[in-house]
Each structure stands twice: as C-alpha cells, then as structure tokens.
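Data first, discussion second: the structure below is written as structure tokens.
The values are calculated or read from the model by the stated rules, or taken from the named source; none is laboratory data. Bear in mind the structure is a predicted one, so any value in this text is a computation, not a measurement. With ideal geometry, Cβ positions are generated from the backbone for all residues, glycine too; neighbour counts draw on all protein chains shown. Keep in mind that these areas ignore ligands, DNA and RNA; they rest on the heavy atoms of the full protein, side chains included. Shrake-Rupley method; radii C 1.70, N 1.55, O 1.52, S 1.80 Å.
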Amino acid sequence: MEPAGAPPPSCAPAREAEEPPGSPALPAERPRDGEPARKASEEAAAERSRGRGPAGRAARGGGRRGPEERGARAGRRPRVTVDSSKAKTSLEALKISLRQLRWREFPFGRRLPCDIYWHGVSFHDNYIFSGQVNKFPGMTEMVRKVTLSRAVRTMQDLFPVEYNFYPRSWILPEEFPLFVTEVRMMKESDPSWKPTFIVKPDGGCQGDGIYLIKDPNDVRLAGSVQSRPAVVQEYICKPLLVDKLKFDIRLYVLLKSLEPLEIYIAKDGLSRFCTEPYQEPTLKNLHQVFMHLTNYSLNIHSGNFIHSDNVNTGSKRTFSSILCRLSSRGADVKKVWSDIISLVIKTIIALTPELKVYYQSDIPAGKPGPTCFQILGFDILLMKNLKPMLLEVNANPSMRIEHEQELSPGVFENVPSPVDEEVKVAVIRDTLRLVDPQKKRRKDIQSQTSEHVSETREDLLDAGPADGPEYETSKSTEAGLPSLCLKQVFPKYAKQFNYLRLVDRVAALFIRFLGVKGTTKLGPTGFRTFIRNCKLSNSNFSMASVDILYIDITRRWNSMGIDHKESGMCLQAFVEAFFCLAQKKYKSLPLHEQVASLIDFCEYHLAALDEKRLLCGRGVVERRGAVVTCPTDGLEVTPALHAPLLNRTAAAGKFADCRSHRYPGAVSPGAGRD
Ligand code: ADP
C-alpha cells in the first residue's frame with residue numbers, strides 16, 4: 001500500500017535554481033581552534049561584569065534569578081538564538097522567518113553557542129559543538145549526480161520495482177562500455193525501441209553542460225568527460241505537457257533527523273516550464289534547450305519566458321495549480337501525491353546509509369557536536385501517465401526571494417518576488433518551528449513543573465516581570481502563525497517502507513567495524529574482524545579468500561577515483577562485498593532476501609557476542625551503532641531457542657520487525673516507529 005492523502009496545496013510559485021557550491025563565506029566572529037571554552041567563559045564573565053548574566057545579577061541582587069531562569073519560571077522562554085553569519089543567499093528569507101518567530105539573530109556569529117546555525121552551503125564549521133546545523137555532513141556529496149545514481153542503483157538491485165521512479169543511468173567514464181553494450185542488447189531484443197539519452201556532468205547544476213544524444217557513441221568522451229565524470233540517463237520522452245509545454249516540479253523536503261528517520265514534505269511546490277512547445281526528441285531538435293530542459297536559469301533567457309503574478313499562468317507556477325487543472329480533467333490527484341511521497345521516502349532511504357557514515361565521521365558518537373536537519377529540493381518530472389520520475393535532489397535549493405527582471409535586452413536586475421517570499425519563508429520558518437529547541441526544553445520543564453507547582457508560584461512573585469525583548473511566550477508567537485506548510489511523511493508511513501531499509505542495516509554493521517572514530521573507510525583488519533565476529537568464514541570460505549575479496553573490491557572502488565583522501569573500503573564497496581557474501585550463502589533466494597538473511601545472521605551473531613562479552617564482564621569494545629538481533633527462518637537457530645542470550649522483549653520485537661521486512665503486509669509491534 002502506498003501512502004494516501006495529498007497535502008492540501010497552499011504555496012505559491014517561486015524561483016527554483018540551486019545554490020552553487022563554493023561561494024565565499026561571510027566573515028564570522030568565531031573562537032579560534034582550542035579556544036571555544038575559554039572564549040565562552042570570557043564572554044560569560046563579561047556579561048556578568050556588565051551585570052547581565054545570571055551570576056552578575058546574583059552578585060548585585062542578593063540571589064535574584066538571572067533573566068533566562070526568571071523568564072522560564074515566569075512561563076516565558078529565552079529567545080532561540082540563530083547564527084546567520086553563513087546563511088548566504090538564504091539570508092533574507094531567514095531574517096524574515098526569524099522576525100516572524102521573534103527569535104534572535106546573530107548575523108556576525110556569536111562567541112557563546114547559538115541554538116541554531118544556518119548555513120547557506122554545507123555543514124562544515126569546525127567550531128560548532130552544540131545546537132543544530134541546517135546541513136548534514138556529506139549531503140552535498142551524496143546528492144551529486146554520480147553518487148545519487150549509485151545509491152539508487154544499489155536499491156534498484158534489491159528492489160527493482162519499488163525503485164523504478166529513477167531513469168536507467170550509467171556512470172561515465174567507467175560504465176561507458178557497459179552503456180554501449182546494454183543499449184545494443186536492448187535494441188536487439190526490441191528493434192522498435194528508439195531511445196534518447198541525456199548526459200549530465202557530475203556536480204553540475206542549472207542545466208550546465210547537459211546535452212541529449214540518440215547514439216551512445218555520441219557521448220563526448222574525449223577530454224572533458226575523462227576529467228569530469230557524468231551520468232548518462234535514459235531520456236523521458238513522454239512527459240506530461242501543460243499548454244503544450246514540458247515542465248518539472250520542485251518540492252521542498254525537510255530531513256529533520258537521520259536517526260530516527262524523520263521526513264516532512266512541503267504541501268506545495270513549484271512548476272518550472274519550458275518556453276518552446278515540446279516535441280519528442282529527434283536528431284533535429286535535440287539541441288533545443290528551451291524545449292527539453294526546464295531549468296529556470298536557462299529559460300529565463302528565452303524571449304518567451306513569462307513572469308506572472310498569477311499562480312496559474314506563466315513560466316513558473318505553483319504545483320497545486322497544475323494539480324487543480326489535472327483534477328478538473330478527472331485525474332487521480334491523490335494518487336499523484338501519494339506516488340510523490342513514496343518517491344521522496346524511497347530516495348531518502350537510498351541516501352541515509354552513506355549519510356550515517358559521514359555523520360559518525362564528522363560527529364563521532366560520544367563527542368560533543370551539533371545535531372543536523374536539512375531542507376532538500378527534489379526535482380521531479382511527471383510522465384504523460386502521471387507517474388512521477390526523480391530527476392535530481394538539490395542539497396542547497398535556492399532560497400532567494402527575489403527574481404531577475406530584464407530591464408533591457410541582456411540587462412537584468414534583481415527585484416523582490418512576493419511569491420518566492422511566500423513559499424520560501426514558509427518553508428524556512430516552519431522548518432525552524434519543527435526543530436525549535438525550546439519545544440524540547442519546554443517539555444522537560446513541564447514534566448518538572450508538576451513536581452514544583454508551589455515553588456514556582458513563589459518564584460513568580462520573587463522574579464517580577466521578565467526582560468521584554470529577551471523573552472517570548474510560546475503561545476503568543478504560535479498564535480500569530482499560519483498552520484505548518486510541512487507535512488510529516490516519515491515515520492508516519494514507516495510501516496510501508498521499513499522493509500526497504502536493508503542497506504541501512506548493512507551500514508550499521510560497517511560503522512560498527514570502522515574502529516577508529518572519524519574514518520569513513522574500513523581497513524583490512526576491520527573487514528576480517530567483521531567476518532570473524534559474524535562467523536562468516538568456514539571451510540568453503542577461508543580467511544585468505546576474505547582478504548582476496550577485500551582487496552579486489554576495494555581496489556576497484558578506489559580506482560574509480562571517488563575519494564582519495566582515505567585508503568580502505570568505502571561503504572559502497574562494503575555493500576558490494578556484503579551482497580557477494582549473501583549470494584554465496586543463500587543461493588536460491590532473490591537478492592533482497594539473500595541480503596536480509598545475511599543481515600539477520602550477522603546481527604544475531606553480533607548480539608550473541610555482545611551478550612557473551614557482557615556476561616564475561618569485558619563490556620562491548622567495538623559496538624557503536626544499535627545493531628539489532630534478528631534470527632529468522634533459514635538459519636541454524638530460532639529466537640525461542642536463544643531467548644536466554646538476549647533481552648527477551650527486544651528479541652521478540654526485532655523478530656517481528658524482521659518478519660515485516662520480509663513480508664511487508666505483516667504488522668509487527670515495533671513497525672511504524674522507525
Ligand atoms: P541540473 O542540475 O543541471 O538542473 P537536472 O538533472 O535537473 O540537472 O536536469 C536538467 C533538466 O533536464 C531537468 O530540469 C529536466 O528538464 C531535464 N531532464 C533531466 N533528466 C531528464 C530525463 N531523464 N528525462 C527527461 N528530461 C530530463
């Protein structure tokens with residue numbers, strides 16, 4: 001069953017290009033390496049000497065409470081603090097959002113920690129040890145065309161039907177021979193197939209360097225592609241047309257948390273239109289970008305581009321206006337939304353395993369560090385039969401709230417765009433509302449309040465009125481805001497999608513054996529330990545064969561030149577090795593069942609090992625991620641037999657979870673939570 005229920009549309013059209021990586025950062029006032037704690041205490045001391053900090057007040061007022069404490073106890077809260085010094089082009093929309101929320105902005109950074117750090121481009125900032133950052137480490141790398149294609153391909157290998165929303169793709173230059181061979185074979189088996197392909201340089205954006213070809217040999221391999229990898233993809237020849245024009249959809253998606261997985265989708269998106277009537281690709285029209293590419297940044301230069309304040313017309317419209325039109329023609333709009341939600345969840349499921357590896361590398365468990373969330377831009381094409389197809393994911397969707405206006409031919413000026421402001425401010429503001437750090441603190445306070453009601457009343461009398469601008473009551477702010485434009489889709493629909501999260505579980509094994517914190521690649525010893533601890537070697541699979549497997553796969557992945565910074569086995573290589581082992585061990589099953597069975601097997605042996613170590617008083621040395629136990633049918637043991645080894649409740653729950661992985665219809669007690 002797919003998720004039902006379309007989010008009611010409400011947003012308006014806006015600009016959709018993405019933030020190009022690498023634009024210079026604004027200078028921020030930051031403590032230098034090794035200094036943050038000292039700087040923070042210096043600043044606190046300065047605040048105290050100015051009589052503003054809690055201790056200063058205590059010194060002057062004979063134990064009177066500081067503003068934060070008084071505010072909290074008076075039912076008010078200290079304002080959420082946001083460092084916007086790296087917001088770049090999203091700064092304007094962020095400022096408006098913060099004003100609406102009455103949160104406190106630090107445009108030049110702050111020496112004391114902030115609650116939220118808003119970055120325009122990427123996660124990286126070495127001096128953040130707490131709070132939340134609006135980017136995940138590794139996201140920019142993960143959504144590059146090549147990496148995204150690889151991640152989706154892994155899922156297509158496991159679940160070909162579920163992942164048929166991504167066009168068949170090949171990675172250049174390494175898969176060029178495969179591309180040529182596969183196309184030849186497909187043509188031979190179906191002579192009526194007359195495909196077109198689209199070549200997209202890796203890391204490109206705004207249509208940069210993209211071209212269409214009919215014949216695989218027309219790929220421009222010489223020079224540029226060798227130095228710049230690319231993806232060649234089957235071109236979707238029959239898109240849905242509106243007013244005879246091709247268009248695509250930009251949807252804003254909030255990845256609120258990786259663990260547990262939490263995903264929200266904005267209720268409305270933007271539709272970006274081509275500016276030449278569409279014709280199916282022929283050798284004659286292949287080069288006509290205004291006909292085939294929907295990028296705003298390209299079509300703005302066509303004489304036919306229409307700026308319109310009306311959401312139903314023009315070259316950029318709301319997605320909801322398109323849905324209304326489809327609905328009036330009798331289309332099943334609910335199904336379209338539910339397919340889109342499905343596509344978004346499945347895509348994020350494909351991305352999460354590697355994101356978790358990046359996360360533990362940048363923010364190792366046990367070390368202080370911020371938590372992360374991120375707004376993503378999903379670009380989706382609707383086919384003529386209304387099936388949504390994923391084109392790409394943007395880690396930095398443009399949050400500009402102005403658009404270019406051509407004053408005279410070739411002369412452009414940025415003018416404010418009310419529609420951009422309406423959509424993007426809502427997405428940013430509601431993202432902030434969802435990650436509001438005060439909500440958690442309020443919950444904590446609420447649970448304490450019931451225990452200290454009488455004490456609080458006395459304190460209120462003692463405290464007097466809280467400092468006005470420093471505090472905000474939650475009710476008064478929320479009351480003035482519209483309802484959230486972001487709708488939760490995960491864990492809401494977790495039950496229907498959890499069975500797809502196999503690579504996530506493989507990644508948990510990988511992370512456990514990484515060993516040294518901060519690395520993203522597994523060394524040969526780590527791989528051997530994995531094999532040994534999971535009891536995967538036997539007379540048919542010696543440790544010498546294990547080493548050969550490691551060397552073969554690692555060498556191949558490293559020769560692809562993905563990441564030369566570290567040596568060792570990357571997650572994708574480990575996944576490949578894992579699939580090999582699964583195929584070896586469970587020959588007759590389909591791949592996803594082979595992999596699921598091997599994961600169960602490994603998780604079971606690791607849990608047993610952990611249990612044994614605990615009983616022996618050795619503790620668990622290398623255990624880092626939550627590795628679940630999941631003995632299932634087909635293995636040597638049953639959960640009932642091994643119940644004494646494991647926590648019974650957990651084991652029963654996990655077993656039920658496993659059943660639901662294998663048989664998606666079966667509802668388990670643990671399913672639906674994540
Ligand atoms: P960029 O990041 O450069 O915008 P995209 O992958 O979004 O790259 O592709 C640019 C445009 O090309 C898309 O907006 C869409 O109009 C068109 N396009 C991309 N891939 C396909 C495809 N497989 N089939 C049809 N059109 C495509």
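Points worth noting:
- Only a single item in (1) at pLDDT 55 or above; (2) at positive phi; (3) open to solvent by less than 20 Å² (accessible area, probe 1.4 Å) is not met by K88, and it is number (3).
- Residue selected from segment 271-311 under the condition among the hydroxyl-bearing types (S, T, Y) and in a loop (DSSP other than H, G, I, E, B), by the criterion most open to solvent (accessible area, probe 1.4 Å): T282
- Test: residue in segment 538-547 that is surrounded by 15 or more Cβ atoms within 10 Å (Cβ to Cβ) and touching a Gly at 6+ places or on another chain (Cβ under 9 Å): no
- Any hit, segment 253-260, residues being aliphatic (A, V, I, L, M) and either surrounded by fewer than 20 Cβ atoms within 10 Å (Cβ to Cβ) or under 15 Å from M389 (Cβ atoms) (or both): no
- Where a residue in segment 385-408 is more than 12 Å from the ligand (Cβ to nearest atom) and its partner, wherever it lies, is among the aliphatic types (A, V, I, L, M) and open to solvent by 20 Å² or more (accessible area, probe 1.4 Å), with Cβ under 7 Å and at least six apart: L386/A331; E402/V415; H403/V415; Q405/V415
- The requirement of being open to solvent by 50 Å² or more (accessible area, probe 1.4 Å), modelled with pLDDT of 90 or more and either closer than 29 Å to E141 by Cβ or away from the ligand (no atom under 15 Å from the Cβ) (or both) is fulfilled nowhere in segment 195-203; no residue meets it.
- Residue list for segment 268-314, filter: acidic (D, E) and within 12 Å of the ligand (Cβ to nearest atom): E280
- Among (1) at pLDDT 95 or above; (2) under 32 Å from the mean Cα position of the chain (by Cα); (3) open to solvent by 70 Å² or more (accessible area, probe 1.4 Å) - the single one S189 does not satisfy: (2)
- Which numbered condition E141 misses (of (1) over 20 Å from the mean Cα position of the chain (by Cα); (2) open to solvent by 10 Å² or more (accessible area, probe 1.4 Å); (3) modelled with pLDDT under 95): (1)
- The set of residues in segment 244-267 that are away from the ligand (no atom under 13 Å from the Cβ) and in contact with a Cys (Cβ under 9 Å, 6 or more places away or on another chain) comprises Y252, L255, S257, L258, A266, K267.
- Taking residues in segment 570-595 that are among the basic types (K, R), and partners anywhere that are surrounded by fewer than 17 Cβ atoms within 10 Å (Cβ to Cβ), the pairs with Cβ atoms closer than 9 Å and at least 6 places apart or on different chains are K584/N540; K584/F541; K585/F541.
- Single residue of I345, I341, I380 found to be more than 16 Å from the ligand (Cβ to nearest atom) and in contact with a helix residue (DSSP H, G or I) (Cβ under 7 Å, 6 or more places away or on another chain): I345
- Meets criteria (farther than 30 Å from K356 by Cα, at pLDDT 50 or above and either part of a loop (DSSP other than H, G, I, E, B) or in contact with a strand residue (DSSP E or B) (Cβ under 6 Å, 6 or more places away or on another chain) (or both)) for S476: no
- Sub-6 Å Cβ pairs linking a first residue in segment 354-378 that is under 24 Å from Y252 (Cβ atoms) and part of a strand (DSSP E or B) to a second residue that is open to solvent by less than 30 Å² (accessible area, probe 1.4 Å) and charged (D, E, K, R), at least 6 apart or interchain, are Q374/K135; G377/R250, ordered by first then second residue.
- Residue check for V161: outside any loop (DSSP other than H, G, I, E, B), under 29 Å from L591 (Cβ atoms) and at pLDDT 95 or above: no
- Residue count for segment 326-355, restricted to those that are basic (K, R), open to solvent by 30 Å² or more (accessible area, probe 1.4 Å) and at pLDDT 95 or above: 2
- Among (1) closer than 24 Å to H292 by Cα; (2) among the aromatic types (F, W, Y); (3) assigned to a strand (DSSP E or B) - the single one W118 does not satisfy: (1)
- Filtered residues of segment 379-391 (kept if open to solvent by 20 Å² or more (accessible area, probe 1.4 Å) and either in a strand (DSSP E or B) or at pLDDT below 95 (or both)): M383, L391
- Restricting attention to segment 122-138, the residues being within 15 Å of the chain's Cα centre (by Cα) and modelled with pLDDT under 85 number 2.
- Residue within segment 224-237 that is free of Cβ contacts under 8 Å to residues at least 40 places away in the same chain, away from the ligand (no atom under 16 Å from the Cβ) and open to solvent by less than 60 Å² (accessible area, probe 1.4 Å) present: no
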